[in-house]
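Working notes, beginning with the structure itself.
The values are calculated or read from the model by the stated rules, or taken from the named source; none is laboratory data. In this text the structure is predicted, and so the values were computed from the model without any measurement. Note that we place each Cβ from the backbone using ideal geometry, even for glycine, and neighbour counts take in every protein chain shown. The area values use the complete protein model at the heavy-atom level, side chains included, leaving out ligands, DNA and RNA. Shrake-Rupley method; radii C 1.70, N 1.55, O 1.52, S 1.80 Å.
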Amino acid sequence: MEEKREVVIRIENLEKQFGGRKVLEGISLDVYKSETLVIVGGSGCGKSTLLRHIIGQLKPDAGKVYLFGKDITKANEDEMDSIKKRFGMLFQSAALFDSLTVEENIALPMREHTKLDDHIIKIMVKMKLNQVGLRGFGHLNTSQLSGGMKKRVGLARAIALDPEIIFYDEPSAGLDPVVTAVVDKLILDLSSALSITSVVVTHDMNSVFRIADRIVMLYKGKILQIGTKEEIKNSKNEYIQQFINGTIEGPMQFFAPDEGYLEELTK
Amino acid sequence: MVVKEKKVGDAVVLVVDGEINFNSSPDFRKAFLKVLEEKAQKVVVNLSSVAYVDSSGLATLVEAHQKVKSSGGKLKLTNLSAKVKSLFEITKLEKLFDIQPTEDEAVKSF
C-alpha cells in the first residue's frame with residue numbers, strides 16, 4: 001500500500017498574465033514534506049513567476065496556493081507574516097546587506113522576529129555558520145566574500161528561524177561548477193538532516209540531477225511533466241529531451257523562420 | 001512549556017515539559033538563570049517530556065553549559081527522546097554535554 005505523504009504546498013489551477021501575455025496557465029502541483037522538488041524550464045517559462053506566487057509576492061488572476069493548509073492568496077498581512085516565519089528563502093543574488101557583517105546578516109531575522117537574548121542569538125549564528133561550513137567567517141563584511149560564500153551566508157540566514165520549507169531561486173546562478181556542487185551538497189544535507197522541504201527553481205541540469213527527488217518541467221506557463229529523475233531522463237516528450245540535452249534542434253524554436261525576412265527588410 | 005524545579009540531594013533538577021522553541025526558550029532561560037543565581041553547582045535538566053528542541057533551545061542549553069562551567073559547576077542532561085538526541089547529534093552538540101540515560105544516574109554521576 002502506498003504511504004500517504006503530508007502535503008505542505010498545494011497549488012490549484014494557478015493562472016497569471018502580464019499585459020495580456022499568459023505566464024502561468026492552470027498550474028496544479030503538490031509538494032510533500034521533506035522532499036526536494038525542482039522546478040525546471042527555460043528563461044521566460046514562468047518558473048520564477050510561479051515561485052513568487054508560492055511565497056506570496058504575487059497574487060494570481062485565478063487559482064489557489066496553500067502553504068501548510070492555508071490559502072495564502074486570501075491571507076491577510078498578519079496571517080502572511082506568521083506563515084513567512086515558517087519558510088526561508090535563498091535569493092538569486094543572496095540579497096545580503098553589504099553594510100552589515102556576516103554575523104549581523106544571519107542574526108537579522110532572529111532580531112526581527114523573536115524575543116531572544118543577544119547572547120543566545122550569537123550562539124545560534126555560530127551554529128548556523130557551522131551548518132553551511134563557514135565557521136570563523138562571522139566577523140567579515142559581506143563585501144569581502146566571494147559569490148559562493150555569499151550564497152552560503154544567504155543560506156545560513158534562510159535557516160535562521162528553523163524553517164520547514166526553503167525556497168531557492170537559481171542557487172547556482174553565477175557560481176562555478178565546483179562551488180555549485182558545494183551549494184548542492186548543502187541543500188541535500190539540510191533537507192536530510194533537518195527534514196526540510198526544499199523547492200528549487202533552476203535551469204542548471206547538473207544541479208537538478210544531483211538534488212531532485214521530483215522534477216517539474218515547465219514550458220510556456222504549463223507543466224509538461226512531473227516525475228523522478230529517471231522518469232524525466234527517460235521522458236518521451238521532445239521538449240523535455242531538447243531541454244535536458246541542451247540542443248538547438250527540436251520543437252522549442254529560438255530563431256524566427258527565414259520566410260518573409262527579405263520582404264520585411266525592404267518594406 | 002513548563003519548567004519545574006526540584007532538589008534531589010545537593011543537585012537541582014529542572015524538569016521541562018513541552019517544546020523548547022523560539023517562543024518558549026526565553027522562559028526556559030529565565031528558569032535556568034534563576035537556578036544559577038542561587039549558586040547551584042550540580043544542575044540536571046530532565047528532558048523526558050520534551051518532544052522537540054529547536055535551534056534557539058539548543059543555543060539556550062549551550063549558554064547554560066557555559067554559565068554553569070564558568071561558575072565551577074556541572075550540568076547534566078537526561079531522558080532525551082530519540083528525536084531530541086538526534087538533534088544533538090546533527091548539530092554535533094552531543095559531545096559538549098554530559099548526557100545521562102536517567103535522572104537518577106545523572107544525580108549520582110556528579
> Across the range A:181-195, which residue is nearest to the other protein chains (Cβ to nearest Cβ) among those that are more than 14 Å from residue B:90 (Cα to Cα) and over 14 Å from the mean Cα position of the chain (by Cα)?
Replying inline: A:185
>> Of the conditions (1) small (Gly, Ala, Ser); (2) under 18 Å from residue B:88 (Cα atoms); (3) away from chain A (no Cβ under 14 Å); (4) open to solvent by less than 10 Å² (accessible area, probe 1.4 Å), residue B:48 satisfies every one except a single condition; which number is it?
In response: (4)
>> List the residue pairs whose Cβ atoms are under 7 Å apart, where the first residue sits in the range A:87-103 and is among the charged types (D, E, K, R), the second is surrounded by 19 or more Cβ atoms within 10 Å (Cβ to Cβ), and the two are 6 or more positions apart or on different chains.
In response: A:98/A:142; A:103/A:125; A:103/A:138
> Given the structure, is residue A:196 surrounded by 16 or more Cβ atoms within 10 Å (Cβ to Cβ), hydrophobic (A, V, I, L, M, F, W, C) and touching a helix residue (DSSP H, G or I) at 6+ places or on another chain (Cβ under 7 Å)?
Replying inline: yes
> Of all the helices (runs of 4 or more DSSP H) wholly in the range A:76-169, which have at least 1 residues that are away from chain B (no Cβ under 14 Å), touching a helix residue (DSSP H, G or I) at 6+ places or on another chain (Cβ under 6 Å) and on the phi > 0 side of the Ramachandran plot?
Replying inline: none
> Going by the conditions given, is residue A:199 assigned to a strand (DSSP E or B) and either farther than 27 Å from residue A:62 by Cβ or of a type in the set (A, V, I, L, M) (or both)?
Replying inline: yes
> Which is more than 23 Å from residue A:122 (Cβ to Cβ), out of contact with any His (no Cβ under 8 Å at 6 or more places or on another chain), open to solvent by 20 Å² or more (accessible area, probe 1.4 Å) and within 14 Å of chain A (Cβ to nearest Cβ), of B:86, B:109, B:81?
Replying inline: B:86
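Do we have residue B:92 as within 11 Å of chain A (Cβ to nearest Cβ), basic (Lys, Arg) and within 19 Å of residue A:130 (Cα to Cα) here?
Yes: the conditions hold for residue B:92.
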>> So in the range B:32-45, with the set limited to residues that are open to solvent by 10 Å² or more (accessible area, probe 1.4 Å) and within 14 Å of another protein chain (Cβ to nearest Cβ), which one is farthest from residue A:119 (Cα to Cα)?
In response: B:36
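Give me the residue from the range A:164-189 that is open to solvent by less than 10 Å² (accessible area, probe 1.4 Å) and of a type outside the set (Val, Ile, Thr) and, out of that set, nearest to residue B:21 (Cα to Cα). Break it down into steps so the answer makes sense when it comes.
Going residue by residue through the range A:164-189, those that are open to solvent by less than 10 Å² (accessible area, probe 1.4 Å) are A:165-168, A:171, A:180, A:183-184, A:187.
Now narrow it down to the ones that are of a type outside the set (Val, Ile, Thr): A:167-168, A:171, A:184.
On the way: A:167: 22, A:168: 25, A:171: 29, A:184: 28 Å.
Step by step, filter the range A:164-189, then rank; the result is A:167.
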> Any chance the range B:57-77 includes a residue that's away from every other protein chain (no Cβ under 14 Å) and farther than 22 Å from residue A:119 by Cα?
Replying inline: no
